[in-house]
Amino acid sequence: MATRIYLDHAATTPMLDAAMAAVAEGMRHWANPSSPHAEGRAARAALEEARGRIAAAYGWAHELVLTGGASESLHMALTRSMAERRLITAVEHDSVLRHSEGAAVLPVGADGIVDLDALRAALPGTRALVCVQWANSETGVRQPIAEIAAIVHGAGGILLIDAAQMPARADDAVIRHADLVALSAHKRGGPPGIGALLVRDFATLLPMGGQEKGYRAGTENLPGALGYAAAVAIPEDMRRLSELRARLDGLIRDAGGEVVAEASARTPAIGAYRMPGVSSAAQLIRFDLSGISVSAGSACSSGSMRPSHVLTAMGWKEPELREVVRVSFGRATGEAEVDRFAEMWRTIAGEAKARAA
């Protein structure tokens, strides 16, 4: 079999060599950063240097709490923000849905964009925390962060952005307007098990005691922090990824497929495509056997192969919403990988048409 092609970077992306080297270096700083002795102080210095580098990479000049990943960051913000109620969009990640029992759910349009009128109508009353993805992990659709922030802040609310899919330096609107931002290292070429919650003002977050200035308990993950800092120091070429996705969009259209939310603003790294008449499950098997790794949506939910709540919220019906796969790019993706995926797509779609004839 030819070398496998990995097109599931939205689930996790390969760790960069620089990040692996930084993790290995962190293993040599074995002392507890909270210990007062010389070894502990050295570990603390390395941890704080890594924290500063991560914040600087995102252009963040406020507080940064190191966490175990974006899911923990979201849970922390959703359960401990100084707000009386929560609003989430209907297309949020499963990790948000799981921790938002009782939250008001904001609808989205067929384009995947949150209904801003519904947001305005839901905000009056007690102080609300509003959780919105920077870009949807299934469709790549990006939300209008600056416009949402103006509405939320105009009503005295707190804005939480799930930015797990956002590269460093990718969107200044998030950095300028969000109150809380959940981040993940392993989506950006860093190690798993480390992430961050950017906090504009600790007055919006209830402390719990322990480490991280009292906002997270547990010994700090120094190797992970160093690996994360090393990864986000290496820029991601979003223009190149945009060109790759545009190329794939065109190839899929030419092959009779449908580009999900094609007219919407989308992150260049994610595309979702429908193959009429062929289930997502069947597609994944064929692509995998041909040496191509893709998914049917978020890694936290695609294993169940249940209907996508994202596509459902966008108005998709059966069986169409079960005919969509997600393709996501990374630093190592090139035209050859995109073209090979499109060629296999044409083969699978052609066979399905022949069977239906």
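The values are calculated or read from the model by the stated rules, or taken from the named source; none is laboratory data. Just so we're clear, the structure is a prediction, and the values are computed from it rather than from any experiment. With ideal geometry, Cβ positions are generated from the backbone for all residues, glycine too; neighbour counts draw on all protein chains shown. Heads up: the accessible areas ignore ligands, DNA and RNA and are worked out on the full protein's heavy atoms, side chains in. Shrake-Rupley method; radii C 1.70, N 1.55, O 1.52, S 1.80 Å.
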*Within segment 232-255, can you find the residues that are surrounded by fewer than 16 Cβ atoms within 10 Å (Cβ to Cβ), over 30 Å from residue 22 (Cα atoms) and out of contact with any helix residue (DSSP H, G or I) (no Cβ under 6 Å at 6 or more places or on another chain)?*
243, 246, 250, 253, 254
*With respect to residue 231, determine if the residue is touching a Leu at 6+ places or on another chain (Cβ under 6 Å), in a helix (DSSP H, G or I) and touching a residue at least 24 places away in the same chain (Cβ under 8 Å).*
yes
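The rows are residues; the columns are (1) open to solvent by 10 Å² or more (accessible area, probe 1.4 Å); (2) assigned to a loop (DSSP other than H, G, I, E, B); (3) touching a strand residue (DSSP E or B) at 6+ places or on another chain (Cβ under 6 Å); (4) over 24 Å from residue 22 (Cβ atoms).
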{"residue": "156", "(1), (2), (3), (4)": "yes, yes, no, yes"}
{"residue": "160", "(1), (2), (3), (4)": "no, no, yes, yes"}
{"residue": "166", "(1), (2), (3), (4)": "no, yes, no, no"}
{"residue": "170", "(1), (2), (3), (4)": "yes, yes, no, no"}
{"residue": "189", "(1), (2), (3), (4)": "no, yes, no, no"}
{"residue": "197", "(1), (2), (3), (4)": "no, no, yes, no"}
{"residue": "208", "(1), (2), (3), (4)": "yes, yes, no, yes"}
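Look through segment 261-306, keep the residues that are among the basic types (Lys, Arg), at pLDDT 95 or above and over 18 Å from the mean Cα position of the chain (by Cα), and return whichever of them is least open to solvent (accessible area, probe 1.4 Å).
Filtering first and then ranking leaves 274.
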*Out of the residues in segment 93-143 that are open to solvent by 40 Å² or more (accessible area, probe 1.4 Å) and within 20 Å of residue 267 (Cβ to Cβ), state the one that is farthest from the chain's Cα centre (by Cα).*
110
*Those residues of segment 133-154 which are among the small types (Gly, Ala, Ser) and outside any strand (DSSP E or B), in sequence order*: 137, 140, 146, 149, 150, 154
*asked:* Take the residues in segment 214-260 that are of a type in the set (Ser, Thr, Tyr) and under 19 Å from the mean Cα position of the chain (by Cα); name whichever of them is nearest to residue 184 (Cα to Cα).
replied: 228
*Could we say that residue 74 is buried (at least 22 other Cβ atoms within 10 Å of the Cβ) and over 16 Å from the mean Cα position of the chain (by Cα) here?*
no
